[in-house]
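One structure below.
The values are calculated or read from the model by the stated rules, or taken from the named source; none is laboratory data. Predicted model only: the values in this text are computed from it and were never measured. A quick note on method: Cβ atoms are made from the backbone with ideal geometry, for glycine too, and the neighbour counts reach across all protein chains shown.
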Amino acid sequence: MTVKLFGLTFKNPVFLASGTFGFGLKFNKVTNKVGALFTKGITLKPRKGNPPPRIHETPCGLINSVGLENPGVKAFCTDVLPEMKSLKTKIFVNVAGFAVQEFGAIIEEIGKRVDGFELNVSCPNVQEGGALFGQNPDVAAAVVAEARKKTSLPLIVKLTPNFCNPLVVAKACIDAGADGISLINTLYAISYDIRKKKPLITGGLSGPAIKPFALYCVHHLREVGVPIIGMGGITSGKDAYEFLLAGAAAVAIGSAILRDPYAPLRIIKELETLMKKNDDR
């Protein structure tokens, strides 16, 4: 099950997706068994996040609108990261900036105290009217270039599939210095309150409902030349194996954790059984 990516060795290809396991400190048994943990998004300044409702269940999935609640990079470095260093897994910090320069500032503050960074280019670019960084290949590349100037650690770009061609964006990011790609992030979604006749929640759709599309995106990007971390609706070892077959080098578990925090342990066992059965070891 061991995999080597970005010059690092991971104990297995099952990772914890950003935003679904916090900082990995509450369920150490799980965190210490997976290949890597991607932290919740870290911003330059503290954020309280969005008012409730933040999560809404849908058929075969959920809509989330958490709003990047986090302590900010300075408090993360002083109060959270030292405790995380005891975890027996690789740590990647999800970096969420609202301007190109913020990505570099966050990375510079953290330095080399982690194993790498995941650039969340699904954040709105406030300087450019709120469009997502990841919807414009030139802007996404600018984010990567800024981050690359600040670190020699692995840089993974988390792509949005919303209203853009992730293949075009991925190639631009790789040309700018990205070491890997993770996809997909959530799909735009909305739910209505029919009694009040207005939206109940607007956010990102995740869960099993998006898995076929996520698989397609991974398959579509399989020849980009850098490792892909596939995610989107993975709830079993079979799901994870499909992503590996589609071209992913590793997978990340997200929404399934919200229902069962120990799901990654089961998925690791199921995936290992499938890989043995199919002579992939």
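Suppose we filter the stretch 1-47 for residues that are without any contact (Cβ under 8 Å) to a residue 60 or more places away in the chain and within 17 Å of the chain's Cα centre (by Cα); how many remain?
Total meeting the criteria: 5.
For the stretch 11-35, which positions are surrounded by 22 or more Cβ atoms within 10 Å (Cβ to Cβ), aliphatic (A, V, I, L, M) and out of contact with any Pro (no Cβ under 9 Å at 6 or more places or on another chain)?
Within the stretch 11-35, just A17 meets the criteria.
Matching residues to (1) farther than 23 Å from L258 by Cα; (2) modelled with pLDDT of 95 or more:
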site: S65; (1), (2): no, no
site: L68; (1), (2): no, no
site: P82; (1), (2): yes, yes
site: K90; (1), (2): no, yes
site: Q101; (1), (2): yes, yes
site: G104; (1), (2): yes, yes
site: I107; (1), (2): yes, yes
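Could you check the stretch 144-200 for strands (runs of 3 or more DSSP E) lying wholly inside it with 2 or more residues that are in contact with a Pro (Cβ under 8 Å, 6 or more places away or on another chain), within 23 Å of P53 (Cα to Cα) and of a type outside the set (S, T, N, Q)?
On the way: elements: 155-158, 180-183, 187-193.
Once the strands (runs of 3 or more DSSP E) in the stretch 144-200 are filtered for at least 2 residues that are in contact with a Pro (Cβ under 8 Å, 6 or more places away or on another chain), within 23 Å of P53 (Cα to Cα) and of a type outside the set (S, T, N, Q), what remains is 187-193.
For G49, state whether it is under 23 Å from K26 (Cα atoms) and either out of contact with any helix residue (DSSP H, G or I) (no Cβ under 7 Å at 6 or more places or on another chain) or modelled with pLDDT under 95 (or both). Steps first, answer last, please.
Details: under 23 Å from K26 (Cα atoms): yes; either out of contact with any helix residue (DSSP H, G or I) (no Cβ under 7 Å at 6 or more places or on another chain) or modelled with pLDDT under 95 (or both): yes.
Considered against the rule, which asks whether it is under 23 Å from K26 (Cα atoms) and either out of contact with any helix residue (DSSP H, G or I) (no Cβ under 7 Å at 6 or more places or on another chain) or modelled with pLDDT under 95 (or both), G49 comes out as yes.
Go through G207, G233, G247, G225 for me and flag whichever is under 22 Å from G116 (Cα atoms), at pLDDT 95 or above and surrounded by 14 or more Cβ atoms within 10 Å (Cβ to Cβ).
Working: G207 fails: under 22 Å from G116 (Cα atoms); G233 fails: under 22 Å from G116 (Cα atoms); G225 fails: surrounded by 14 or more Cβ atoms within 10 Å (Cβ to Cβ).
When all the criteria are applied, what remains is G247.
Being at pLDDT below 95 and either more than 15 Å from the chain's Cα centre (by Cα) or of a type in the set (A, V, I, L, M, F, W, C) (or both) narrows it down to one of R259, R266, so name that one.
Numbers: R266 fails: at pLDDT below 95.
Result: R259 is the single residue among R259, R266 that is at pLDDT below 95 and either more than 15 Å from the chain's Cα centre (by Cα) or of a type in the set (A, V, I, L, M, F, W, C) (or both).
Which of the residues spanning the stretch 24-48 are touching a strand residue (DSSP E or B) at 6+ places or on another chain (Cβ under 8 Å) and not β-branched (V, I, T)? Full working, then the answer.
Applying the first criterion (touching a strand residue (DSSP E or B) at 6+ places or on another chain (Cβ under 8 Å)) to the stretch 24-48 yields 24, 30-31, 34-43, 46-47.
Listed by number, the residues that qualify are G24, G35, A36, L37, F38, K40, G41, P46, R47.
For the stretch 95-121, give me the residue count where each residue is surrounded by 22 or more Cβ atoms within 10 Å (Cβ to Cβ) and not in a strand (DSSP E or B).
Residues that pass the stated criteria total 6.
Test V218 against the stated conditions and say whether it is assigned to a helix (DSSP H, G or I), surrounded by 18 or more Cβ atoms within 10 Å (Cβ to Cβ) and modelled with pLDDT of 95 or more. Break it down stepwise before answering.
Details: assigned to a helix (DSSP H, G or I): yes; surrounded by 18 or more Cβ atoms within 10 Å (Cβ to Cβ): yes; modelled with pLDDT of 95 or more: yes.
In short, yes.
So in the stretch 62-94, with the set limited to residues that are part of a loop (DSSP other than H, G, I, E, B) and free of Cβ contacts under 8 Å to residues at least 24 places away in the same chain, which one is farthest from G204 (Cα to Cα)?
Filtering the stretch 62-94 down to residues part of a loop (DSSP other than H, G, I, E, B) leaves 65-69, 71-72, 85-89.
Now drop any that are not free of Cβ contacts under 8 Å to residues at least 24 places away in the same chain, which leaves 67, 86.
Numbers: G67: 11, S86: 32 Å.
Step by step, filter the stretch 62-94, then rank; the result is S86.
Among the residues of the stretch 157-180, is there at least one that is more than 15 Å from V224 (Cα to Cα), in contact (Cβ under 8 Å) with a residue 60 or more places away in the chain and either surrounded by 13 or more Cβ atoms within 10 Å (Cβ to Cβ) or not aromatic (F, W, Y) (or both)? Before the answer, list the steps.
Step one: of the stretch 157-180, the residues more than 15 Å from V224 (Cα to Cα) are 160-164.
Restricting the remaining residues to those that are in contact (Cβ under 8 Å) with a residue 60 or more places away in the chain gives none.
Checked against the condition, which is being more than 15 Å from V224 (Cα to Cα), in contact (Cβ under 8 Å) with a residue 60 or more places away in the chain and either surrounded by 13 or more Cβ atoms within 10 Å (Cβ to Cβ) or not aromatic (F, W, Y) (or both), the stretch 157-180 yields no hits at all.
Taking only the stretch 221-273 into account, find how many residues are assigned to a helix (DSSP H, G or I), farther than 26 Å from L25 by Cα, in contact (Cβ under 8 Å) with a residue 24 or more places away in the chain and not charged (D, E, K, R).
5
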